1. Condition test on residue 34, is it in contact with a Leu (Cβ under 6 Å, 6 or more places away or on another chain) and more than 18 Å from residue 112 (Cα to Cα)?
2. Filter the stretch 92-110 down to the residues that are of a type outside the set (Lys, Arg) and open to solvent by 80 Å² or more (accessible area, probe 1.4 Å), then identify the one that is nearest to residue 44 (Cα to Cα).
3. Have a look at 136, 189 and point out the one that is among the small types (Gly, Ala, Ser), modelled with pLDDT of 50 or more and more than 18 Å from residue 108 (Cβ to Cβ).
4. Please give the strands (runs of 3 or more DSSP E) falling wholly within the stretch 197-246 in which 3 or more residues are closer than 23 Å to residue 125 by Cα and touching a strand residue (DSSP E or B) at 6+ places or on another chain (Cβ under 9 Å).
5. Just checking, does the stretch 113-125 include any residue being over 15 Å from residue 3 (Cα atoms), open to solvent by 40 Å² or more (accessible area, probe 1.4 Å) and in contact with a helix residue (DSSP H, G or I) (Cβ under 9 Å, 6 or more places away or on another chain)?
6. Could you grab me the full set of residues in the stretch 72-118 that are more than 14 Å from residue 21 (Cα to Cα) and touching a Gly at 6+ places or on another chain (Cβ under 9 Å)?
7. All but one of (1) open to solvent by 80 Å² or more (accessible area, probe 1.4 Å); (2) in a helix (DSSP H, G or I); (3) not aliphatic (A, V, I, L, M) hold for residue 48, so report the exception by its number.
8. Which one of these is buried (at least 23 other Cβ atoms within 10 Å of the Cβ) and either free of Cβ contacts under 8 Å to residues at least 24 places away in the same chain or out of contact with any strand residue (DSSP E or B) (no Cβ under 7 Å at 6 or more places or on another chain) (or both): 89, 76?
Amino acid sequence: MSVDMFERRFVQELRKLKEFRPNDVRDPRVWPSVGSDAGKLPAWRALFTSMCHYGHSTGYRLFEFEDFYNYCQKAYTEKNPSRQKYKKYFSGELRSGMRQRVGVWYESGMAETYLYSCLAEAIEDQMKVGVVLYDARADWKLKADIVVIMNDKPMRVSAYVGEDQERPSIEARREVIERERKKNTSQSAHWNNTQLERMRLFEIQRTDDDLQIVNGVRLFSISAVNRLLVEMYKHARVEGGWVFPE
């Protein structure tokens, strides 16, 4: 669990925050690339999820970008045993690029948490035919943004930004980087997991033409969420599946 909110409550809480200002101009020096250790940072999603849990226990609240940026900075540059290696990303000429990268994490985290809230409301609360799991470890270890079990059928959801034709090249680059990082720890990787391979993969995308913007944060549109639900209901053989009003 990351948050325990209906879709309507999530949007309300997001609107209470200081407006987020997205920045899509990347500094390649702070992002990972093939054949290089540059931009290699510990998994951010664990930090994002922990802030979601803190908000859940302090009044069902969400958190602003600045709070998340400061949390990441403290975790990487003060608390991590390799903090000296990460300090350069949060100071000097790399700082603005790192703020942009953390902004991408923040917006991605909010979009996926919103999606989780929608799926949980529809499948668990309205239909009561399954469970929806959103776990930081499943993301970085199993490469599954969200796991759904409905009518005894396990499914994975991949949530991403961009057009369909861009996805294969992005996934290919990520695969190369992942294999480079796992050279010495391949046993802990997700490859060749037979259960994972049997789980049907569903996708949802956010594009410039198909999204909703709430307080500056670009979320998946309700139409995209409903299309995903319909596909998953069909796969699980659930009739009369509940969807959100459009």
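1. Spelling it out, it is not the case that residue 34 is in contact with a Leu (Cβ under 6 Å, 6 or more places away or on another chain) and more than 18 Å from residue 112 (Cα to Cα).
2. Checked the stretch 92-110; the qualifying residue nearest to residue 44 (Cα to Cα) is 96.
3. 189
4. 200-206
5. For the stretch 113-125, residues over 15 Å from residue 3 (Cα atoms), open to solvent by 40 Å² or more (accessible area, probe 1.4 Å) and in contact with a helix residue (DSSP H, G or I) (Cβ under 9 Å, 6 or more places away or on another chain): absent.
6. 89
7. In the conditions (1) open to solvent by 80 Å² or more (accessible area, probe 1.4 Å); (2) in a helix (DSSP H, G or I); (3) not aliphatic (A, V, I, L, M), residue 48 misses (1) alone.
8. Unique residue meeting the criteria: 89.
The values are calculated or read from the model by the stated rules, or taken from the named source; none is laboratory data. Since the model is a prediction, treat every value here as computed from it, not as a measurement. Here Cβ is always computed from backbone atoms with ideal geometry, including for glycine, and neighbour counts include all displayed protein chains. Ligands, DNA and RNA are excluded from the accessible area calculation, which covers all protein heavy atoms including side chains. Shrake-Rupley method; radii C 1.70, N 1.55, O 1.52, S 1.80 Å.
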